[in-house]
Amino acid sequence: LGLNTFFSAYKSFSKIQYDVYGFAKLLIFGRLLTPASKCATVRQNNDYFEPILDEGFNPDNVYDTLSFISENKDKIIRRLNTNLVKKAGRRPQIIYYDVTNFYFEVEEPDADLLDENGDILEKGLRKMGVSKENRKQPIVQMGLFMDDAGIPISIETFPGNTLDHLTLRPALKRNIDDLEYSRFLLIADRG
């Protein structure tokens, strides 16, 4: 999918000193094979036939990797989609979209970041909303686009108090418009 060259190129252009691709690979394998916390996933490194990370790595770099992935999310998704179209024959003529939410076991929702005039600069993400699991804890809304083979195209998060039907247009604009797909049929539920 071209992620190794992507991560290597960004590592060489930046001041990253750790194995960002190795940590990303470890996170992906760990999520698929043995889901656990980030710390536990790093400890699984030696459980593989050949360890993914070389000895002497700093386990805290897993959090730096998460920051790197977050900062480069759009570029990573674009690279994945380009390679899926070229190498796996993805033809996104039908795109499915659905929204779900997940809760956090925290006492209070996230506060909004305000400027000196009281205007919202950034909305908090974990907000009280209608939980699909009927929880009374802050939630985050998540919209997912998939192709007709069930392979994810993109994902977007929204504050937990965002109604499902208000996520589609911003998610399309931020995620699908830049992928330069020609015409496609979008299928979503009634939300």
- Does the stretch 155-165 contain any residue that is surrounded by 20 or more Cβ atoms within 10 Å (Cβ to Cβ), under 14 Å from the mean Cα position of the chain (by Cα) and closer than 17 Å to I94 by Cβ? no
- Has the stretch 73-85 got at least one residue that is exposed (fewer than 14 other Cβ atoms within 10 Å of the Cβ) and in contact (Cβ under 8 Å) with a residue 24 or more places away in the chain? yes
- Item | Among residues of the stretch 87-117, those that are more than 21 Å from T162 (Cβ to Cβ) and open to solvent by less than 90 Å² (accessible area, probe 1.4 Å), counted | 6
- Message: For a quick check of your reading of the model, give me the residue pairs whose first member lies in the stretch 3-19 and is among the charged types (D, E, K, R), whose second is surrounded by 10 or more Cβ atoms within 10 Å (Cβ to Cβ), with beta-carbon atoms closer than 7 Å and at least 6 apart or on different chains.
- Response: K11/V20; D19/L53; D19/F57
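How many residues does the stretch 167-180 contain that are open to solvent by 40 Å² or more (accessible area, probe 1.4 Å), in contact with a strand residue (DSSP E or B) (Cβ under 8 Å, 6 or more places away or on another chain) and either in a strand (DSSP E or B) or not basic (K, R) (or both)?
Initially, the stretch 167-180 is screened for residues open to solvent by 40 Å² or more (accessible area, probe 1.4 Å), giving 168-170, 173-174, 177-178, 180.
Among the residues that remain, those that are also in contact with a strand residue (DSSP E or B) (Cβ under 8 Å, 6 or more places away or on another chain) are: 168, 170, 174.
From what is left, the residues that are either in a strand (DSSP E or B) or not basic (K, R) (or both) are 168, 170.
Counting residues in the stretch 167-180 that are open to solvent by 40 Å² or more (accessible area, probe 1.4 Å), in contact with a strand residue (DSSP E or B) (Cβ under 8 Å, 6 or more places away or on another chain) and either in a strand (DSSP E or B) or not basic (K, R) (or both) gives 2.
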- Query: Can we say L121 is open to solvent by 90 Å² or more (accessible area, probe 1.4 Å) and of a type in the set (A, V, I, L, M)?
  - Reply: yes
- Task: Answer yes if at least one residue in the stretch 126-148 is closer than 27 Å to P92 by Cα, touching a Ser or Thr at 6+ places or on another chain (Cβ under 6 Å) and in a helix (DSSP H, G or I), and no otherwise.
- Result: no
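The values are calculated or read from the model by the stated rules, or taken from the named source; none is laboratory data. Keep in mind the model is a prediction, meaning the values are calculated, not measured. Don't worry about glycine lacking a Cβ; one is built from the backbone with ideal geometry, like all the others, and counts go over all protein chains shown. Each accessible area value is taken on the protein alone, full model and side chains, heavy atoms only, with ligands, DNA and RNA left out. Shrake-Rupley method; radii C 1.70, N 1.55, O 1.52, S 1.80 Å.
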